[in-house]
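Reviewing the structure listed below.
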Amino acid sequence: MSQVSEMTDEPNIIAFCCHYCAFTAADLAGTMRQQYAPNIRIVRLPCTGKVDVNLILRAFVEGAEGVMVAGCEIGSCHFIDGNVRARKRVAHAKTLIQEAGLDPERLEMFHIAASQGPLFARTANEFTERIKGLNAKEKASAKSQGEVCAV
Amino acid sequence: MIVAERKPLEELYAHAKKHKKVLFLGCGTCVTVCMAGGEKEVGILASQMEIAARERGDDIAVTEHTITRQCDSEFFDEATARKVEEADAIISLGCGVGVQFCAERFPDKPVYPGLNTKFYGATLEQGVWAERCAGCGECVLDKFGGVCPVARCSKSLLNGPCGGSSEGRCEVDPDNVECAWQLIHDRMEKLGRLDELEENQPMKDWSTSRDGGPRKVTREDVRL
Amino acid sequence: MSETAAVIEPKEKSGSRLERILNSGQFAVTGELGPPKSADVEIIKTKAGYLKGIVDAVNITDNQTAIVRMSSIAAGLLAMQHGLEPVIQITCRDRNRLAMQSDLLGAYALGIRNVLCLSGDHQRFGNHPTAKNVYDIDSIQLLSMVRKMRDEKQFACGDEIRNTKKSPIVEPRMFIGAAANPFGDPFAFRVVRLAKKVKAGADFIQTQCIYDMDRFKRWMEGVRNRGLHEQVYILAGITPLKSVKMAEYMRDAVAGLIVPDDLIKRLQSAKDAKEEGEKIAVEQINEVREMPGVSGVHIMAIEAEQSVPGLLEKAGLLPRPTL
């Protein structure tokens, strides 16, 4: 269960975006004036294939409440199958964060084409809502137990 | 190489919780190849520990260090000794040999195993490692076309196959295990040596394997 | 009566009834009795009751399918007390060579004269999958060991089987059996493996239960081509099918067992599957009796010992000959 006092209404979210697709879509969203949640911090990578498991874990260690990994659609990866590898690593990282006590829903892989500005904005907003929901659920659960749980 | 798998986090957390500062010590040889206890895996485990400790409100400081091999004392150098000194306990991500060597080297520190050591095996493909050798102490691979019946036959038959060999799979675990004797048969057939399998292999002398007691190899000619 | 295997040797190896029947050239019948999963002796009495006088000898299984049951030797002795001749079984899974030789001395001392040597099902199949498995020796090495005790009067290590240098040699003289599976893979090697078992010391063979008669015929052909039928007595394994479910189970869950589709169809379209299954078994018995090189049948009526008398009656194998 998260440290209740550290949860904010605007959750800390990191989005690892590949340069060729997702980052371009994010850029496009901005150009199109498609509003998306301001709490999302984008980290641009050449490819989601650059994301390794510990990069995701470090994000959570450093305080991220949600991590998005956004890459090209399957079959369109500039580096052929970087996004396929990323999918597997995200799936594995979900089990690792769950083992450590975090809800695996706090991590997700998305596929967004370069032209899909509106999709990026929508995805970012939906993910933010998801994290807010998880935070609220955990806060309520902590309250009802009266204290922060220890193992 | 020696193939191992990382222990579940719960088990390791229970050990770490008993101490204030824990050093996660990785090994750069076998367990790096099988992606269980190398520098990368140490990093992942350390991150998981930090997250878990934060979630549970526990106070555990985590440090990381990886050496070339934990089965040779020369790699437990000054830098390693200092890191060990600073920690209250070590979780060694070496194989069972490494964990013990580490404990022998630092007898005053609690040393816990981070891995479950499994077998001597080979990389079939990235992410898949399979058992090949049982360390029986008397290699008979020449008789079986290079396929070991001791390690790869579920019943270690020297005069196999048993009645449970079906479509080249072992009845004990058909999804994962090939029938070693089917492999031996096919290999010997290819080598034109099938007639050799008609010979009845006598009982194995197991005294050279672990059955005979813990083993040691000494080379007087190279001792200093 | 078909032409059975030529008599092996006039000199007796064990003097068991099974050996004598086979030596006399008569078609032999063996059955099977699974010891209880408890210390209940009544169960053995009941099962023995069905089989007494109906079969020439009865296999007493050894922790079959790696499920703990009363020991083969103990149950064998109890079966003897109820008038049966036991064939005790030894698997390589649970005992090392010391325990096996020790058991053989004990079994012989208790009057047991037939032993079947098996590799044994891996403990993964049974109720103690976490046990350490033994497999010190395999079934072929076991056959050699039992024969060495009988014919060379020596233990596996070479010591004479005598208590002290002055004591008499008292070796266990067993009639030695082995199993054969014509339905496992690789098919071509199955006959070779039989040859290995014969060379190692098998006196008689019991095969895995037959449903694929064609494959069995092909195997027998290979056996005869090597002249093995003249060196060992072969008993064809027969298990009557009780239901479609049983047939499907044997097809899907037992490795190295083949159940042809037309057999299953026959059971499905029959009015009474159990009756049809018995009919099939009788047909199979009649068919193998006609095959040169087959010296008998081994009836494995798993947990259905009470059905054996009826089956053998219909197959014309009763009464059993007197010696």
Name the residue, out of C:Lys265, C:Lys242, C:Lys199, C:Lys271, that is touching a Lys or Arg at 6+ places or on another chain (Cβ under 7 Å) and either without any contact (Cβ under 8 Å) to a residue 60 or more places away in the chain or open to solvent by 30 Å² or more (accessible area, probe 1.4 Å) (or both).
-> C:Lys242
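Okay, residues lined up against (1) over 15 Å from A:Glu73 (Cβ atoms); (2) within 12 Å of the chain's Cα centre (by Cα); (3) of a type in the set (Asp, Glu); (4) within 14 Å of chain B (Cβ to nearest Cβ):
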position: A:Cys18; (1), (2), (3), (4): no, no, no, no
position: A:Phe23; (1), (2), (3), (4): no, no, no, no
position: A:Pro38; (1), (2), (3), (4): yes, no, no, no
position: A:Cys47; (1), (2), (3), (4): no, no, no, no
position: A:Lys50; (1), (2), (3), (4): yes, no, no, no
position: A:Val53; (1), (2), (3), (4): yes, no, no, yes
position: A:Arg58; (1), (2), (3), (4): yes, no, no, yes
Counting only residues that are more than 14 Å from every other protein chain (Cβ to nearest Cβ) and either in contact with an Asp or Glu (Cβ under 6 Å, 6 or more places away or on another chain) or open to solvent by less than 50 Å² (accessible area, probe 1.4 Å) (or both), the range C:100-119 contains a total of 8
Residue list for the range C:144-168, restricted to those being facing chain B (nearest Cβ under 9 Å) and either buried (at least 21 other Cβ atoms within 10 Å of the Cβ) or hydroxyl-bearing (Ser, Thr, Tyr) (or both) = C:Ser144, C:Met145
From the set of residues in the range A:86-96 that are within 14 Å of A:Met68 (Cα to Cα) and hydrophobic (A, V, I, L, M, F, W, C), which is nearest to the other protein chains (Cβ to nearest Cβ)?
-> A:Ala93
Can you give me the number of residues within the range B:167-189 that are free of Cβ contacts under 8 Å to residues at least 12 places away in the same chain and more than 10 Å from chain C (Cβ to nearest Cβ)?
-> 2
State the number of residues belonging to the range B:121-161 that are in contact (Cβ under 8 Å) with a residue 24 or more places away in the chain, surrounded by 15 or more Cβ atoms within 10 Å (Cβ to Cβ) and not small (Gly, Ala, Ser).
-> 15
For B:Glu196, are the conditions met, namely being touching a helix residue (DSSP H, G or I) at 6+ places or on another chain (Cβ under 7 Å), open to solvent by 60 Å² or more (accessible area, probe 1.4 Å) and more than 8 Å from chain C (Cβ to nearest Cβ)?
-> yes
Note on the range C:65-80: residues closer than 16 Å to C:Ala109 by Cβ, open to solvent by 40 Å² or more (accessible area, probe 1.4 Å) and among the hydroxyl-bearing types (Ser, Thr, Tyr) are C:Ser71
Assuming B:Phe101 fulfils every condition listed in (1) away from every other protein chain (no Cβ under 14 Å); (2) modelled with pLDDT under 95 apart from one, which condition is it?
-> (2)
Are any residues in the range C:80-99 in contact with a strand residue (DSSP E or B) (Cβ under 8 Å, 6 or more places away or on another chain), more than 13 Å from chain B (Cβ to nearest Cβ) and not acidic (Asp, Glu), and if so, which ones?
-> C:Met80, C:Leu84, C:Pro86, C:Val87, C:Ile88, C:Gln89, C:Ile90
In the range A:100-133, the residues that are within 16 Å of A:Gly66 (Cβ to Cβ), more than 14 Å from chain B (Cβ to nearest Cβ) and open to solvent by 20 Å² or more (accessible area, probe 1.4 Å) = A:Glu105, A:Glu108, A:Met109, A:Phe110, A:Arg122, A:Asn125, A:Glu126, A:Glu129, A:Arg130, A:Lys132, A:Gly133
So, in the range B:13-63, of the ones that are part of a loop (DSSP other than H, G, I, E, B) and of a type in the set (Lys, Arg), which residue ends up farthest from the other protein chains (Cβ to nearest Cβ)?
-> B:Lys20
Sort out which residues of the range C:245-262 are in a loop (DSSP other than H, G, I, E, B), open to solvent by 20 Å² or more (accessible area, probe 1.4 Å) and within 25 Å of C:Val55 (Cβ to Cβ), and write them in order of number.
-> C:Val254
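Every residue, every condition in (1) on the phi < 0 side of the Ramachandran plot; (2) of a type in the set (Val, Ile, Thr), yes or no:
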site	(1), (2)
A:Cys18	yes, no
A:Asp27	yes, no
A:Tyr36	yes, no
A:Lys50	yes, no
A:Val53	yes, yes
A:Val61	yes, yes
A:Ala70	yes, no
A:Gly75	no, no
A:Gly82	yes, no
Does A:Ser115 meet the test of being of a type in the set (Ser, Thr, Tyr), in contact (Cβ under 8 Å) with a residue 60 or more places away in the chain and over 25 Å from A:Tyr36 (Cα atoms)?
-> no
Test C:Asn133 against the criterion of being within 21 Å of B:Ser156 (Cα to Cα) and touching a Lys or Arg at 6+ places or on another chain (Cβ under 6 Å), and give yes or no.
-> yes
Go through the range C:169-184 residue by residue and tally those that are assigned to a loop (DSSP other than H, G, I, E, B) and either in contact with a strand residue (DSSP E or B) (Cβ under 6 Å, 6 or more places away or on another chain) or crowded, with 22+ Cβ neighbours inside 10 Å (or both).
-> 5
Give the residue, chosen from A:Met68, A:Met7, that is at pLDDT below 95, closer than 30 Å to B:Asp58 by Cβ and surrounded by 16 or more Cβ atoms within 10 Å (Cβ to Cβ).
-> A:Met7
What are the residues in the range B:107-161 that are modelled with pLDDT under 95 and touching a Phe, Trp or Tyr at 6+ places or on another chain (Cβ under 8 Å), if any?
-> B:Gly160, B:Pro161
Evaluation of B:Gly164 against (1) within 14 Å of another protein chain (Cβ to nearest Cβ); (2) modelled with pLDDT of 95 or more; (3) open to solvent by less than 50 Å² (accessible area, probe 1.4 Å) (one fails), failing number | (2)
Inside the range C:30-44, can you point out the residues that are in a loop (DSSP other than H, G, I, E, B) and more than 22 Å from the chain's Cα centre (by Cα)?
-> C:Ser38, C:Ala39, C:Asp40
What is the one condition in (1) away from every other protein chain (no Cβ under 13 Å); (2) open to solvent by less than 50 Å² (accessible area, probe 1.4 Å) that B:Gln201 does not satisfy?
-> (1)
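The values are calculated or read from the model by the stated rules, or taken from the named source; none is laboratory data. Predicted model, so just to flag it, every value in this text is computed and none were measured. We place every Cβ from the backbone using ideal geometry, glycine too, and count neighbours over all the protein chains shown. Remember, those area values only see protein heavy atoms, side chains included, never the ligands or the DNA or RNA. Shrake-Rupley method; radii C 1.70, N 1.55, O 1.52, S 1.80 Å.
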